[in-house]
Amino acid sequence: MDSLKMLLLKESQQHHLSLQDASLETWHDLLSRVVQKKISTNRIAKDTYATQLFYFSMEFLPGRFLRNNLDHLGWLDQAKSFLSTYEIDLHDVLNTENDPALGNGGLGRLASCFLDSMANKKLRGHGMGLLYEYGLFKQEFLSGRQIELPDRWKQSSSYEWEQKPDAEYTVSFWGKVHQHNNGDRLVFEYTDQEQVQAKLYSIPITGYSQEQVNQLYLWKACPTEIDPSLTAEQQLLKRKKATEITEFLYPDDSTSEGMILRLKQQYFLVSAGAQHLFTLAHRHGGIRTFFNHYLVHINDTHPSMIIPELMRLFMDVEGLGWDEAWAIVTTSVHYTNHTLLAEAMEKWPIVLFQPLLPRIYEIIVEINERFCRSVWHHHSEKRDKISDMAIVSYGHVHMVHLAVIGSNKVNGVSTLHSHLLQTETLVNFAQMNPKKFTSVTNGITHRFWLHRVNPALSDLINEAIGDTWLQDPFELIKLADFQTSTPFLEELSKIKKRNKQTLIDTTLTFSETKVDPGSLFDVHCKRLHGYKRQLLNALHIWHLYTELRENPDRLPFPRTFLFAAKAAPGYAFAKKVIHYIHTIASVINKDATIQGKLKVIFIENYRISLAEQLIPAAEVSEQISLAGKEASGTGNMKLMMNGALTIGTRDGATIEMAEHAGEDNMFLFGANAADTKKPYFSKSYYDKDIRIKNVLQPLVNGTFSDNAIYSDLYYSLIQNNDEYRLLQDFSSYAQAHKQIELLYTDQLLWQKKSLANIAASGYFSSDRAIEDYQARVWTSI
Ligand SMILES: *Cc1c(COP(=O)(O)O)cnc(C)c1O
């Protein structure tokens, strides 16, 4: 077997590269090529009839590839030492790789964690998504405000995406549908359509064993063949109309053009994906048996048009009747719901949907009519609920209803979330068909989020309990035996200190603010959203600051609050919160009277490679969503696994974290989901708690600036009755922070609780989540 060194030398000769003066980028390209060749030769021919799963998702967040693959091939050490002979640090080479900007937050990262776990469990499961040219946006701050720049992640030394030349399909929009009888069969013809070409790219997903190489399949939109009758201008327009489909993730959908583009993206993904499945079907035994062996999973409702698209292909192209096609589709497709937020329930105006996708709309109408009829006949107790359950109603196409009606199984992503789905949001569906609904609590791959991002901790664990936990995360529970070992706890503490120092030396060098590595690192990293309540954290920091101004000795040690979050470009409130946090940071960080007891830092451009740095350095994890709003959360799990103690509400998977780690190893506070159903008047909290008054007054009284720049935040909390109930939980949140401060002075006890969290985190591995999917959802795989 060739060593990595031999392969690198061979590759560089082939491309006439001189290693002596190769740039970091050149080294990256070289290593990537060698790694990819190796992985593709490792691919073993598999029984093509073994069941396969296609995980359809508008987002994936795989993080940088090269380091992962070097690790999986067992080549990390070889690479490090070979490069060092050229005085090149492998670290610097790996850092030249941009994060693939193919996702936005937890939903996309979940998809990537699942791909990792499926490869490691030797399950045939592939991702199906879009190859965005620019992704969401690159975040920068200018005078404390978020600036959105195009994320040109594909340029400069990124990983090579392999194109599959034999997989190209045409996807059609607009036009007219004509149907006529041809003997015993209905034939469909389309005219005046806009067509684009879907080209398939893929990247291999490997596990440690190398025995299973899965694929992340991504589609890119291109113009169809040039029509010579078009003028140059028309050709340019045609090109733009095609390529814009996979240009950005979530194009602005505040205008109807934006909405049409978003809808096009969704249909483009499912149509190309479904056509590809049919190609595989014809290759392997025909379409009738194909779906005995193939499963489709939709990650949230965005790909739910896979249901009518599969119906279209079965009926219009393959000539199956409705009943046979419907039976196949509703056996093969499964759906995960990710949110209960009313504004995130996808629905499209019919006036927009029907012209863009006329045949899909016809099929949806037919699905809807058959569904409504069957409720009328077979569930007479639900007759008065039919319009609430319909797919097409009140002028809209309701994607959640389409996904539920067309799927075999529907799951929520934590016990609480699944319960709320079945008893509130989708209660009528669940009462009619309780067996369709199940729950799978989310998980994260511990190989990435512990072993990869925190190598020192991974080594300590290996020394203590061996390395079987890498394949069986439940083994981590053995660490609980070390809770009474002072040397072990001290080692744990040292590792955390080093991780904090590393964060200061690398990521925090941008900041003018000096951070004390001995301060308590409190981390709030996730998308910026009202329900995630970054504003509650910020208001409490201001409260803490006013206390310290009166008495800096109130805190025996310094505290550092770290934020990282992107706000959606059209979300004015979230952007204002970012600005507010910057403003209080600039006041607090330069106030000498508090003797450096408090620092606040907002790190820009939250993404996987930043999370890798931030999470191992965190000591407190902020999981403070309004109870009932965070479906699961996965950031909470990553931080727990790295030994941070959670300050959190009883929401999503945080509840289950407390069940596994013990409530006394966390800081739970605030209203629970049932409490949030009770009447609420934010002003009464304002009136009766002087601390609340004192933190809210500066938003409007000119403390930060003469013009009332934060009056909209104040308005949302008082006049608008504080939709996310920050004021209700303020007091218990402050109380929980006091408990944190008390405990931190007893370092040994702190480390003991930290270890209890790490030991209990095995349940939150995506390996367990994938096992649950196999047991409850994908029962044939
Ligand atoms: C895990 C992760 C998230 C999700 O965080 P939550 O706290 O669950 O909202 C978002 N973005 C990135 C980059 C992540 O790694």
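Throughout, read-outs are computed from the coordinates displayed, never taken from laboratory work. Treat the numbers as computed from the prediction; the structure is a model and nothing was measured. Every residue, glycine as well, gets a Cβ built from its backbone with ideal geometry; the counts of neighbours run over all protein chains shown.
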Fill in the blank from the handout: Over the chain, the sum of -39500 (n - 2.57) across DSSP H runs of at least four, divided by residue number and rounded to 500 deg cm²/dmol, gives at 222 nm -13000 deg cm²/dmol
Handout entry: Cα centroid separation, the range 399-457 to the range 470-529 (Å)
Key = 29 Å
Practice task
Restrict the search to the range 89-181; then list the chymotrypsin sites (Phe, Trp or Tyr not before Pro) that DSSP places in a loop and that have at most 10 other Cβ atoms within 10 Å of their Cβ.
Solution key: none
Handout entry: Anisotropy class of the range 300-401 from Cα gyration tensor, a/c 1.5 cut
Key = rounded
Practice task
Using per-residue counts of other Cβ atoms within 10 Å, averaged over each peptide, order 688-694, 185-191 from highest down.
Solution key: 688-694, 185-191
Exercise for the section: Pop the C-beta distance of K37 and T289 into the FRET formula with R0 = 45 Å and round what comes out to the nearest 0.05. Expected result: 0.80
Fill in the blank from the handout: One finds, for E189 and H15 with R0 = 35 angstrom and r their Cβ-Cβ distance, a FRET efficiency to the nearest 0.05 of 0.10
Practice task
Just tell me, in residue order, which DSSP H segments of the chain are both 20 angstrom or longer along the helix axis (alpha-carbon based) and at least 0.0 in mean Kyte-Doolittle hydropathy.
Solution key: 106-120, 256-283, 572-589
Practice task
Evaluate the distance, in nm, between pseudo-label points positioned 7 Å from the Cα of E160 and of R145 along their respective Cα→Cβ axes.
Solution key: 4.4 nm
Fill in the blank from the handout: Loop-resident chymotrypsin sites (Phe, Trp or Tyr not before Pro) in the range 1-108 with no more than 13 other Cβ atoms inside 10 Å, DSSP not H/G/I/E/B, are Y49, Y86
Problem - Ranking of D184, D116 by count of other Cβ atoms within 10 Å, fewest first - result: D184, D116
Practice task
Compute the FRET efficiency between K385 and Q210 as 1/(1 + (r/R0)^6), taking r as their Cβ-Cβ distance and R0 = 45 Å, and round to the nearest 0.05.
Solution key: 0.30
Handout entry: GluC sites (Glu not before Pro) restricted to the range 717-781 and DSSP loop, no more than 11 other C-beta within 10 Å
Key = none
Problem - Contact order normalised by residue count of the chain, Cα under 8 Å, 6+ apart, percent - result: 12 percent
